[in-house]
Each structure stands twice: as structure tokens, then as C-alpha cells.
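Structure, as C-alpha cells:
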Amino acid sequence: MSTLDRAGRRRPPTKGDRRESALLDALEELLSERSIANVSIDQIAGRAGVSRTAFYFYFPSKEVAVIALVERVVAAIWQDPDTWLTGNGDPRAELDRAIGELTRGWTEHRAVLNAMVEAAAYTGEMWRLWREQMDGFIAGAADRIARDAARGLTREGLDGAGVAAALCWMNERYCYAMLGDADSALPPDEVRRVLVDVWMRTIYRSE
């Protein structure tokens, strides 16, 4: 993945970028094999082919590395600029695209997202970090609801902020329950269809 230089131009990844990416790749591989509690810094560094000292150059702790990995996954899920959170077009079409990206991303990176959800349930620091990620989605959803309310598209009397929070947390729990286990996961398109229907019926006037 390229980054920007000081002039705002794309530059190829440096050795440091590649090493950091290798550490995150290694962490994702390990999370597909074992729980986050059973992943050590030595294992991450060894899988990435770097020293323990090199790991600490990029991440002060395993928990920080996990949230960096989650942020990378989340960024990949929401990379489409025309999804519902950022768009201003047809709500159903944009919701369908956005939640389709969510279910695709959860399916492709279930080990990472499952680990984050599970760790957040018993570790205060991980819960705080996951809550920050979720709060970003909730704020974006509340903003979109407000924009659509101004267009006269939403149900009257809608508590936009409260509904945004409820729906975003519903997404998290439903995806975890229905897509989290590779052996029993529902088809991503089925999960997408259900979630889009709930969002549309909750937020918008009858079509």
C-alpha cells in the first residue's frame, strides 16, 4: 500500500511500511489459528520474520497491534466513497452497497473481527478501542440520517442518534453471530439482505 509524501504524491511503500504490514499480516494469520489471548508478541514477530525488538518499534503492545489491524480491515471495508455513510443518493442502493461491503469484509477477515469482539468483552482496553471504532460508524450514520431527514426521506420523530447507535451495534452483533463461524456462516448476501431491510424499515418512510 502506498502512502503520501510531503508534497501529497503517492510513494511506494518503504522497508518500514513493508515490515509493519508483515507484522499485521502475521497477526491476522495467527488469529485465524488461535484466540487473541494465546497469541504472543514473539509469535507475531517470528511469523513476520523480524525480531521482538522490531515489533516494539512499530507497536508498544499486542493490543495496539490488534487495533491497528482492525483499523486496516475497517478501512478496506469502507473504502468505497459512494456508500451510504458518505453518499447523498438513493438510500436503498447506497445501503445495499455499504452493508454488502460490511458482510464481505467480515467474511474475508472474520478472524480479526471476531477476535476484536471477543477481546472487547473481557478486556477494558480492548473494549475502549473497539468502542472508538464503533463510535465512528455511529457518528457517520447519525449524520446521514440527519441529511436524509432534511430531504424529507425519514420517518417523522426519528431519534437519529439513538437509531444510528442501535443499528450499528445490531450490525456488529448480527455479523458476529451469522458470519463469525466459517463452518456455520450464512451466505453474506443473505445477511446483507436482512440488515438492509431492517435499516430501511427503521429509518425511512414507507416506499
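Taken together, the values in this text are just the output of simple stated rules run on the coordinates, not laboratory data. In this text the structure is predicted, and so the values were computed from the model without any measurement. We place every Cβ from the backbone using ideal geometry, glycine too, and count neighbours over all the protein chains shown.
Some notes on this structure:
- Selection of the range 85-96 for residues being assigned to a helix (DSSP H, G or I) and within 20 Å of ALA165 (Cα to Cα) yields PRO91, ARG92, GLU94, LEU95, ASP96.
- Within the range 36-46, the residues that satisfy the criterion of being in contact with a helix residue (DSSP H, G or I) (Cβ under 7 Å, 6 or more places away or on another chain) and either closer than 17 Å to VAL73 by Cβ or surrounded by fewer than 18 Cβ atoms within 10 Å (Cβ to Cβ) (or both) are ILE36, VAL39, ILE41, ASP42, GLN43, ILE44.
- Near pairs, Cβ below 7 angstrom, 6+ apart or cross-chain, from the range 187-201 (surrounded by 15 or more Cβ atoms within 10 Å (Cβ to Cβ)) to any residue that is outside any helix (DSSP H, G or I): none
- Yes/no for TYR122 being among the aromatic types (Phe, Trp, Tyr) and free of Cβ contacts under 8 Å to residues at least 24 places away in the same chain: yes
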